[in-house]
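To keep things clear, I will list the structure first and then write my remarks on it.
The values are calculated or read from the model by the stated rules, or taken from the named source; none is laboratory data. The shown structure was predicted, so the numbers you read here are calculated from the model rather than taken from an experiment. Here the Cβ is made from the backbone with ideal geometry for all residues, glycine too, and neighbour counts use every protein chain on show.
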Amino acid sequence: MKTVDVAIIGGGIVGLATGWQITQRFPHKSILLLEKEKQVAQHQTGHNSGVLHSGIYYKPGSLRATNCREGKLAMEAFCDAEEIPWDQCGKVIAAINESEFPALDTIFSRGQQNGVTCEMIDEARLKELEPHVAGIRGIHVPETGIVDYKQVSARLAERIQEKDNRLLTGTEVIGIQHHSDHITIQTKQGDYSAKQVINCSGLFSDRVARMGGSHPACKIVPFRGEYYELKPEAEHLCRALIYPVPNPEFPFLGVHFTKMIHGGVECGPNAVWAFAREGYTNRQINVRDLLESATYPGFLKMAFKYWKTGLKEMWRSFSKPAFVKELQRLIPEIQAEDLETAPAGVRAQALGPDGNLIDDFLIDESDRMINVLNAPSPAATSSLRIGSMVTDRLASRFE
């Protein structure tokens with residue numbers, strides 16, 4: 001059994017970006033990328049709404065802030081070099097009433113500290129940019145863009161394999177064994193040997209880390225985001241991206257409108273606890289996943305803290321009129337008949353035992369393994385920078 005220099009577990013955009021960055025820095029190192037699905041980018045990456053985030057929301061100095069800014073530039077440069085279409089369409093964050101002004105001011109301050117090109121705008125300018133939006137004040141972020149991350153992922157996969165590296169799909173990891181000079185990765189298709197292993201398995205990152213002998217002080221809890229899409233005759237209601245002022249009491253951005261790179265406008269998401277780590281509908285239940293979350297002290301503490309908001313989110317999952325009502329806060333003209341159901345996504349959110357959501361990217365290192373444990377939005381935007389950061393950590397191991 002040949003031992004490769006690096007094995008990457010997970011064929012989402014973070015794993016692929018990491019593999020590509022290794023080929024750029026260490027072209028003579030051999031890489032094996034293992035993906036359990038038949039194609040790459042089938043979960044968080046493939047259900048991503050495609051936004052090239054500016055970095056306006058994130059705490060200055062955090063990994064999310066710095067990696068988003070640098071990652072966005074890297075992603076745009078990669079797309080230009082590879083002739084992958086992207087569009088700097090811009091976005092607005094709209095305050096509906098004066099009670100939202102303090103949170104809007106905080107976001108604007110963060111944007112300025114993070115180096116984001118943004119402008120506080122009045123109602124007239126807001127209406128000029130998005131004629132159908134409600135709001136009496138807002139922030140315009142002209143540098144926000146959109147792209148197809150599945151297309152980016154497919155190109156990254158091609159570039160990795162051009163270097164005679166291997167990308168194996170349909171290969172699920174079921175065990176990891178450490179040896180003095182290598183790691184054996186056990187899969188349903190056979191065993192593989194690597195000097196270093198990088199865990200980029202997203203929704204299963206905590207389990208793979210534990211499989212490899214680590215003891216991360218967090219657990220992945222899946223949250224499903226459900227979407228609608230505007231019918232073609234209603235697409236004129238949204239020119240680019242329209243976001244609400246996020247509720248400071250709830251760690252998600254709220255339902256918004258997103259223009260898509262290949263046409264169409266998505267509306268959503270809500271944020272509901274998923275009963276399976278790959279639970280894309282409320283009918284998909286995995287008993288192990290369900291019990292693991294439901295008995296985790298961190299989840300119980302979070303649920304107690306946010307139970308009112310959580311119930312509202314769940315109600316919107318079952319009630320289209322309730323979802324429409326929330327959308328109407330931003331665009332009052334929206335009607336139920338303007339919407340058709342769109343595919344949902346599942347967010348892998350790391351949750352600490354104290355009930356707090358891990359608010360930043362989290363990378364854990366152990367002997368011969370690097371675990372990307374938490375990579376929430378803007379992970380896709382930041383993916384090339386995350387890959388570079390992981391490669392930096394590999395460099396000392398190669399010496």
Please work out if Pro60 is free of Cβ contacts under 8 Å to residues at least 40 places away in the same chain and either outside the structural domain of Ser388 (by TED's automatic domain parsing) or over 30 Å from Pro131 (Cα atoms) (or both).
-> no
Set Ser377, Ser293, Ser319: member being of a type in the set (S, T, N, Q) and outside the structural domain of Gly264 (by TED's automatic domain parsing) = Ser377
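Do we find that Asp289 is within 23 Å of Gly10 (Cα to Cα) and touching a Phe, Trp or Tyr at 6+ places or on another chain (Cβ under 8 Å) in this structure?
Spelling it out, Asp289 is indeed within 23 Å of Gly10 (Cα to Cα) and touching a Phe, Trp or Tyr at 6+ places or on another chain (Cβ under 8 Å).
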Test: residue in segment 211-232 that is among the small types (Gly, Ala, Ser), touching a helix residue (DSSP H, G or I) at 6+ places or on another chain (Cβ under 8 Å) and farther than 19 Å from His43 by Cα = no
Hey, any hits in segment 278-291 for a residue that's loosely packed, with under 15 Cβ neighbours inside 10 Å, among the aliphatic types (A, V, I, L, M) and outside any helix (DSSP H, G or I)?
-> yes
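Please go through segment 120-131 and pick out each residue that is touching a strand residue (DSSP E or B) at 6+ places or on another chain (Cβ under 9 Å) and surrounded by fewer than 18 Cβ atoms within 10 Å (Cβ to Cβ).
Matches in segment 120-131: Met120, Asp122, Glu123, Arg125, Glu128.
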From Leu167, Leu129, residue being aliphatic (A, V, I, L, M), closer than 22 Å to Met75 by Cβ and either modelled with pLDDT of 95 or more or within 19 Å of the chain's Cα centre (by Cα) (or both) | Leu167
Within segment 12-30, is even one residue crowded, with 20+ Cβ neighbours inside 10 Å, of a type outside the set (A, V, I, L, M, F, W, C), more than 26 Å from Gln186 (Cβ to Cβ) and in contact with a helix residue (DSSP H, G or I) (Cβ under 9 Å, 6 or more places away or on another chain)?
-> yes
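Return the only residue of Phe223, Phe204 being within 16 Å of the chain's Cα centre (by Cα), not assigned by TED's automatic domain parsing to the domain that holds Leu311 and not in a loop (DSSP other than H, G, I, E, B).
On the way: Phe223 fails: not assigned by TED's automatic domain parsing to the domain that holds Leu311.
One residue alone meets the criteria, Phe204.
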Residue list for segment 346-373, filter: surrounded by 21 or more Cβ atoms within 10 Å (Cβ to Cβ) and of a type in the set (Gly, Ala, Ser) = Ala348, Ala350
Considering every residue within segment 331-339, establish whether at least one is in a strand (DSSP E or B), out of contact with any Lys or Arg (no Cβ under 6 Å at 6 or more places or on another chain) and modelled with pLDDT of 95 or more.
-> yes
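Out of Lys305, Lys301, report the one residue that is in contact (Cβ under 8 Å) with a residue 12 or more places away in the chain, out of contact with any strand residue (DSSP E or B) (no Cβ under 8 Å at 6 or more places or on another chain), surrounded by fewer than 15 Cβ atoms within 10 Å (Cβ to Cβ) and in the same structural domain as Ile242 (by TED's automatic domain parsing). Full working, then the answer.
Working: Lys301 fails: surrounded by fewer than 15 Cβ atoms within 10 Å (Cβ to Cβ).
Result of the check over Lys305, Lys301: Lys305.
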Residues of segment 255-277 satisfying the condition of being closer than 12 Å to Leu230 by Cα and in a loop (DSSP other than H, G, I, E, B) | Met260, Gly263, Gly264
Considering segment 262-274, residues that are under 25 Å from Pro246 (Cα atoms) and out of contact with any Gly (no Cβ under 8 Å at 6 or more places or on another chain), and then whichever is surrounded by the fewest Cβ atoms within 10 Å (Cβ to Cβ), we arrive at Gly264
Residue hits (segment 293-321; modelled with pLDDT of 95 or more and either of a type in the set (A, V, I, L, M) or touching a Phe, Trp or Tyr at 6+ places or on another chain (Cβ under 9 Å) (or both)) are Ser293, Ala294, Phe299, Leu300, Lys320
